[in-house]
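Visitor: Would you mind keeping the following structure in view while I ask a few things?
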Amino acid sequence: MGIFVLGYYGFLIIASVILAYVGWRKWFLMVFALTLVSFVLGIVGGAPALRFVAIFAIVLAVAAMVSFAFKEFLVQIVRPNIAKELRTAPLTASFGMFVIFTYAIGGIFAPLIAPYGQAEVIAGAFAPADSDMLLGADQLGRDVFSRIIYGARNTVGLALIATIGAFVLGALAGLLAAVKGGWFDTFMGRVADVIMSIPSLIFALLMLSILGTSSWVIVVVVAIIYSPRVFRLTRAVAGNIVVMDYIEAAKLRGEGDWYLIRREILPNSTAPLIAEFGLEFCFVFLLIAGLSFLGLGLQPPIADWGSMVRENATLISFGDITPLIPAAAIALLTVSVNFVVDWMLHRSSGLKEN
Amino acid sequence: MTKRDEDLIRRIAQGARTGQISRRDFMNYSAAAGLTVAGATSLWTKQAKAAPSAGGTFRWGIHDGNTGDTHDPGTYVTRTMIFLAHTHRSYLTMINGDGSLGPDLADSWEANETASEWTFEINANASFHSGRPVTGNDVVASFNHHRGDDSTSAAKALLSDVVDITADGNTVTFTLSGGNADLPWLMTDYHFAICPANDDGTIDWRSGDGSGPYQIDTGEFGVQFSLTRHDGWHGEGAWFDNVDIIVLNDPNARQTALVTGDVDAVSQVDVKTMALLERDPNIQVFNVPSAGAITLPMHCDTAPFDNVDVRNALKLSINRDEIIEKILYGAGTKGNDFHHSPAQPYWPDDIPQRDYDPDQARSLLKKAGAEGLTVSLSTADSVSAGAVDMAVLYAEHAKEAGINIEVVREPNDGYYSDVWLKKPFSLVSWGARPTPDVMYTLAYKSDAAWNESRWQNERFNEILLQAKAELDDSLRAEMYREMAMLARDDGGTVIPFFNNFVYGARGNVGTPDALASSWESDGGRAASRWWFTE
Amino acid sequence: MGDLAQLVLKRLGYGLLTLLVVSILIFFAVELLPGDVAEAVLGQGATPETVAAMREQLGLDRPAIIRYVEWLGGAVTGDFGISAVSGDPVMQVIGTRFVNTLFLAAYAAVIAVPFAIVLGIIVALLRNSVFDRVANVATLTSISSPEFFLGYILILFLAVKVPLFPAIASLSGDMSFFQLLERTFLPALTLVLVVTAHMMRMTRASIINLLASPYIEMARLKGVPPWKVIVRHALPNAWAPIINVVALNLAYLITGVVLVEVVFVYPGIGQALVDAVSKRDFPVVQAASLIFAGTFILLNLAADIGAILTNPRLRHPK
């Protein structure tokens, strides 16, 4: 038994005892459960399995500490009323905010942060990582780290604009349709049906083949493809609200459509919309990656994460992790965005529990 | 391992295959040649007792198929249909594994003195799957399918100098408007599959009947085909009892199907994973030089490419070695800007290789007054694996020479109808053609429909016609050398490499020593040339 | 319930209208695409003469409007024409493929829908717990990589490293039902992973959204146990958005699975449609698009009816 294993169990047992003594029941249960599981794991998997658990726990702990520090930092620098809200944020949400913040900085200052250009060929194909290239080189010998940073700018920027476009279009149409009802509702419903009933890849294939593949065309086409989904959701949620008594009351007061939308319906339907935003954002990423499957994505040599996954995807079958790096970048952002979304959802639902 | 050792290993492998040496001797020789015991054992099991044996169902994954495929030989375009055609239909002639021309349906052929009239004698044993013997009429009808005003065949251009085709029993005569010494080679083109003739002189291509080694039992285009051996086949080989062709368009699907044994062979292996796949002891990877090429034609009648110095500057600013290393992972032969590959006959081996020289490119541009040149290069993912990457890499190389290449990724869809021949600088993939004459006539002759670089060179056109009718091989070789020099120094096409065909099979599949370089999977004829060793 | 029947009829009428509009859009989009079927079929081998000859044979030299009206006339009587590329009847080209697609979609849906909704209810109940976080991270990660990549990873672990399932899902006619289920397990699993997150998160969100409502407060104050609060009181009012998202994902399972088909070599209709677009084979594109559109309209209708049936207020409009 090596020093590592002894230290591992020693740490867990001492931590359990301390937690039990100070009476943090939940934490004690978790740590002690981990201790028991580790006995089994240690017998089955040996030291490597324990090492894996330890690394995982350390990463988790570091992430938690960074998140906590980041939250405190935000609380210190923002205005008091916002700070009060921020204090209620769970650790996961502040982790999400931290990641989004990091990505935003990376994207905005990409040329300053990235050590090399996104097209610059500096090494042999699939050169391993070294102190110069943090994540090694891709199939052409370009620095993967630099391309990930530029990818943050290109992919996230594009996906964000397209998603916002889809939401503005879809939510506005959905709210108006719910409030106005009648022929307008019917008409918008049919328009949405027509767009949605054409499969998105085929729709994109047709539109982009006709209109060309500049970034703006991609943004607009993607926004059009996703707006009916937002429309239907908004329409369904708002439809439930429109029949509520307080809306009837407001109508009887003689309030206009805009007032109803802004003051009564929108505040009461944000939750599902926010939840949807977090996911649609991710779907837009994937659609753009899917476009590059048909040769319609962003123009080379622009780095985008979806295409970076696709270019070397076959390597995964031999256990090569090159395609996992951009995939992980997408996953981390998706998870982070949805952590923040979860917190906002919880807040907007008005639940006081924690 | 030295060259000598490799030769030795090849010889002893050959000995093992033909049963001339015992396993013990084999192991001793192998150790002498520097092989490890494990390596020698696996070589032994691969090669020994490998004399062809009959039986089994050959499951063959092919990399390019489309739901819109048909049995019409005039519109064959996907690899699936081409390889299927080589399996269930026959051609007049075929390219052998060693690159020579051999008989298929035609037993023998001869020309008159000017090579303007050719007669082919059809094998009397040949029969269609329906049982009917193949006659001259079937051949005439099959070729007329590609000729005439209302023909919709993509091979029409290849037969433009054929004036008349007549049949007398089993003898077929082609009359040409000029001499063409390469006509028997042309007969191997994948469009010229022989189908049964109808009474009105048209052909019946819909039924899928043919005179090839296997007949189709069931099939769904773009998905799969099941075939059984045609017992009345006129040729030699066809060891398998049954052949299943499975369309596997996704590179990962092909790779895993081969690794897990869901198929016995695949027609293409992603070069990116070629080296990783080779480590699997149950898998053989074949890496065969071919006459297929990537070309980058520049329109010679369009500025700035109308200046020969600009064209040559662009040819000098591509780093072919790095492209072969990073795009092909070594699976290719360096190109020299003339479309004549070492895998074709008459290849001139004494032409100096053009290499990456940004300084000379710079001075050529200065001479042409085109410093700071910016050009757009159109490409698409579907042209070939790594086509877009290659253009990006080229753009990086050209920066050194002060040339700014903007890479434009065009949609896969419609690339050959909207980009090729229309955009002044594009990236094109050419399949292997049997002879330099076919290639030059198709795409470099001044009035060719596919003169992709719009290159006009009087001398080139003149010797092209002379060489075509020349029956003296050494004179012909001299002419092809001159044409190569003209294309290289005046032409408008950058040819970075001739790509190898990289394909694979399970370890229990036996293959001949020499694999044909005309298509992947042994010239598309794996089904009739390969066998199971166990 | 008479109102409901009337509504269904009305919506079916609208559905036909939608199909008509879709067919017009698709027709003109295909017309606007660069190149036509003659150029696409001949590909690199096209010359002006052969293209002209083929156009004439296919009747492409006539005005677009006339061709559309002719097609529409046939389609109304159930005749979708013949494929411009192969000359076979369109229904023969795509019929079995559509059945294959439906099978795979049903397979995935039978697993994914109950799984996602139950999981959504559990995480709403255990909101903000470790289980909630882990379930969210897991499902979100699974939809964060392109689905073909997800397929590759599943193949690596469940077909190559541990050979539990076949890597390619090609079908043959003589398979038993269980063989079929085994063959198509990996593509179905990929699809389950792709659609679960969306439905689960919507279930969770709509339930949590209702938890602060006065009537839920009331139930809680009365001492109703938390799971009962959610299943009895919150869920019935949360159905509308959930059903909506379920319908969306079911439609996706049928119309959006081209990449999964390619990765697993599954002969579905998605690949046929992409192939047909690349060949400009208008009759096939049109028929496949209309099948997709029809499926989508029916699913949507079902979702709307479901929403009405589960919301008492909508069921009895004032």
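Visitor: Answer yes or no as to whether A:ALA250 is modelled with pLDDT of 80 or more, away from chain C (no Cβ under 12 Å), over 26 Å from the mean Cα position of the chain (by Cα) and surrounded by 15 or more Cβ atoms within 10 Å (Cβ to Cβ).
Guide: Yes, satisfied.
Visitor: For the structure I just gave you, tell me whether C:ILE94 is farther than 23 Å from C:LEU253 by Cβ and β-branched (Val, Ile, Thr). Step through it out loud before you land on a result.
Guide: On the way: farther than 23 Å from C:LEU253 by Cβ: no; β-branched (Val, Ile, Thr): yes.
Considered against the rule, which asks whether it is farther than 23 Å from C:LEU253 by Cβ and β-branched (Val, Ile, Thr), C:ILE94 comes out as no.
Visitor: Test of understanding: among C:ALA188, C:ALA219, C:ALA197, which residue is open to solvent by less than 10 Å² (accessible area, probe 1.4 Å), within 27 Å of the chain's Cα centre (by Cα) and at pLDDT below 90? Talk me through it step by step, then tell me what you get.
Guide: Numbers: C:ALA188 fails: at pLDDT below 90; C:ALA219 fails: within 27 Å of the chain's Cα centre (by Cα).
The unique qualifying residue is C:ALA197.
Visitor: Among the residues of region C:98-115, what is the count of those that are within 14 Å of chain B (Cβ to nearest Cβ) and buried (at least 17 other Cβ atoms within 10 Å of the Cβ)?
Guide: Restricting attention to region C:98-115, the residues satisfying the condition of being within 14 Å of chain B (Cβ to nearest Cβ) are C:98-101.
Checking the rest, the ones that are also buried (at least 17 other Cβ atoms within 10 Å of the Cβ) come to C:98, C:100-101.
Residues in region C:98-115 being within 14 Å of chain B (Cβ to nearest Cβ) and buried (at least 17 other Cβ atoms within 10 Å of the Cβ): 3 in total.
Visitor: Looking at region B:366-373, can you tell me whether even one residue there is crowded, with 21+ Cβ neighbours inside 10 Å and more than 14 Å from every other protein chain (Cβ to nearest Cβ)?
Guide: No, there is no match, as no residue in region B:366-373 is crowded, with 21+ Cβ neighbours inside 10 Å and more than 14 Å from every other protein chain (Cβ to nearest Cβ).
Visitor: Let me ask something else about it. Mind listing just one residue for me: the one in region C:129-177 that is out of contact with any Ser or Thr (no Cβ under 8 Å at 6 or more places or on another chain), open to solvent by 10 Å² or more (accessible area, probe 1.4 Å) and polar (S, T, N, Q) and, of those, modelled with the lowest pLDDT?
Guide: The selected residue is C:SER172.
Visitor: Then there's this: Here are the criteria: (1) out of contact with any Leu (no Cβ under 7 Å at 6 or more places or on another chain); (2) open to solvent by 40 Å² or more (accessible area, probe 1.4 Å); (3) away from chain C (no Cβ under 14 Å). Tell me which single one B:TRP185 does not satisfy.
Guide: B:TRP185 satisfies all of (1) out of contact with any Leu (no Cβ under 7 Å at 6 or more places or on another chain); (2) open to solvent by 40 Å² or more (accessible area, probe 1.4 Å); (3) away from chain C (no Cβ under 14 Å) except (1).
Visitor: Can you tell me how many residues in region A:1-48 are within 21 Å of C:VAL130 (Cβ to Cβ), of a type in the set (Gly, Ala, Ser) and either part of a helix (DSSP H, G or I) or within 32 Å of the chain's Cα centre (by Cα) (or both)?
Guide: Result for region A:1-48: 5.
Visitor: Exactly one condition in (1) open to solvent by less than 30 Å² (accessible area, probe 1.4 Å); (2) within 14 Å of chain B (Cβ to nearest Cβ); (3) of a type outside the set (D, E, K, R) is false for A:ALA93; which is it?
Guide: (2)
Visitor: Of all the strands (runs of 3 or more DSSP E) wholly in region B:229-341, which have at least 3 residues that are crowded, with 24+ Cβ neighbours inside 10 Å?
Guide: Per the criteria, B:242-247, B:283-297.
Visitor: Are there any pairs, at least 6 apart or on different chains, whose C-beta atoms fall under 6 Å, with the first in region B:62-77 and within 20 Å of B:ASP189 (Cβ to Cβ) and at pLDDT below 90 and the second open to solvent by 20 Å² or more (accessible area, probe 1.4 Å) and in a helix (DSSP H, G or I), and if so, which?
Guide: Correct list of pairs: B:ASP64/B:ARG79.
Visitor: Another question, then. Checking the structure you have, find out if any residue of region A:149-157 is out of contact with any Lys or Arg (no Cβ under 9 Å at 6 or more places or on another chain), in contact (Cβ under 8 Å) with a residue 24 or more places away in the chain and aromatic (Phe, Trp, Tyr).
Guide: There is at least one residue in region A:149-157 that is out of contact with any Lys or Arg (no Cβ under 9 Å at 6 or more places or on another chain), in contact (Cβ under 8 Å) with a residue 24 or more places away in the chain and aromatic (Phe, Trp, Tyr).
Visitor: Which one is most open to solvent (accessible area, probe 1.4 Å), of the residues in region A:277-299 that are within 9 Å of chain B (Cβ to nearest Cβ) and in contact (Cβ under 8 Å) with a residue 24 or more places away in the chain?
Guide: The extreme case among them is A:GLN299.
Visitor: Is it the case that some residue within region C:153-165 is among the aromatic types (Phe, Trp, Tyr) and either at the interface with chain A (Cβ under 9 Å from one of its Cβ atoms) or under 19 Å from B:LEU248 (Cβ atoms) (or both)?
Guide: yes
Visitor: Something else now. For A:ARG51, only one of the following conditions fails: (1) open to solvent by less than 40 Å² (accessible area, probe 1.4 Å); (2) modelled with pLDDT under 90. What is its number?
Guide: For A:ARG51, the failing item is (1).
Visitor: Still on this structure, please answer the following. Would you tally the residues in region B:378-411 being open to solvent by 10 Å² or more (accessible area, probe 1.4 Å), more than 7 Å from every other protein chain (Cβ to nearest Cβ), small (Gly, Ala, Ser) and assigned to a loop (DSSP other than H, G, I, E, B)?
Guide: So the answer is 4.
Visitor: It is to be established whether one or more residues within region C:1-16 are surrounded by fewer than 17 Cβ atoms within 10 Å (Cβ to Cβ), among the hydrophobic types (A, V, I, L, M, F, W, C) and not in a helix (DSSP H, G or I).
Guide: Yes; the residues of region C:1-16 include at least one that is surrounded by fewer than 17 Cβ atoms within 10 Å (Cβ to Cβ), among the hydrophobic types (A, V, I, L, M, F, W, C) and not in a helix (DSSP H, G or I).
Visitor: Here's a follow-up. Among B:ALA361, B:ALA293, which is out of contact with any Cys (no Cβ under 6 Å at 6 or more places or on another chain) and within 14 Å of another protein chain (Cβ to nearest Cβ)?
Guide: On inspection, the qualifying residue turns out to be B:ALA293.
Visitor: Does region A:34-43 contain any residue that is touching a helix residue (DSSP H, G or I) at 6+ places or on another chain (Cβ under 6 Å), more than 14 Å from chain C (Cβ to nearest Cβ) and open to solvent by 40 Å² or more (accessible area, probe 1.4 Å)?
Guide: As a first pass, look at region A:34-43 and keep what is touching a helix residue (DSSP H, G or I) at 6+ places or on another chain (Cβ under 6 Å): A:35, A:41-42.
If we keep only those that are more than 14 Å from chain C (Cβ to nearest Cβ) too, we end up with A:35, A:41-42.
Going one step further and asking which of them are open to solvent by 40 Å² or more (accessible area, probe 1.4 Å), we end up with A:41.
Within region A:34-43, one or more residues are touching a helix residue (DSSP H, G or I) at 6+ places or on another chain (Cβ under 6 Å), more than 14 Å from chain C (Cβ to nearest Cβ) and open to solvent by 40 Å² or more (accessible area, probe 1.4 Å).
Okay, residues lined up against (1) within 14 Å of chain A (Cβ to nearest Cβ); (2) more than 30 Å from C:LEU20 (Cβ to Cβ); (3) under 23 Å from the mean Cα position of the chain (by Cα); (4) among the charged types (D, E, K, R):
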residue: C:GLY81; (1), (2), (3), (4): no, no, no, no
residue: C:THR96; (1), (2), (3), (4): no, no, yes, no
residue: C:ILE117; (1), (2), (3), (4): no, yes, yes, no
residue: C:VAL137; (1), (2), (3), (4): yes, yes, no, no
residue: C:GLY151; (1), (2), (3), (4): yes, yes, yes, no
residue: C:ALA169; (1), (2), (3), (4): no, yes, yes, no
residue: C:VAL192; (1), (2), (3), (4): no, yes, yes, no
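Visitor: State which residue pairs qualify: first residue facing chain C (nearest Cβ under 7 Å) and inside region A:185-200, second residue small (Gly, Ala, Ser) and open to solvent by less than 30 Å² (accessible area, probe 1.4 Å) in any location, beta carbons under 7 Å apart, and separation of 6 or more residues or different chains.
Guide: As it stands, the answer is A:SER197/C:ALA293; A:ILE198/C:SER289; A:ILE198/C:ALA293; A:PRO199/C:GLY256; A:SER200/C:GLY256, since those pairs meet every condition given.
Visitor: If you check B:GLY169, B:GLY131, which single one turns out to be open to solvent by 40 Å² or more (accessible area, probe 1.4 Å), at positive phi and in contact with a helix residue (DSSP H, G or I) (Cβ under 7 Å, 6 or more places away or on another chain)? Full working, then the answer.
Guide: Values: B:GLY131 fails: in contact with a helix residue (DSSP H, G or I) (Cβ under 7 Å, 6 or more places away or on another chain).
Only one candidate passes the filter, namely B:GLY169.
The values are calculated or read from the model by the stated rules, or taken from the named source; none is laboratory data. These numbers were taken from a predicted model, which means no experiment stands behind them. Because the Cβ atoms are built from the backbone with ideal geometry, glycine has one as well, and the counts that use them run over all protein chains shown. Surface accessibility is based on the protein's heavy atoms, side chains included, excluding ligands, DNA and RNA. Shrake-Rupley method; radii C 1.70, N 1.55, O 1.52, S 1.80 Å.
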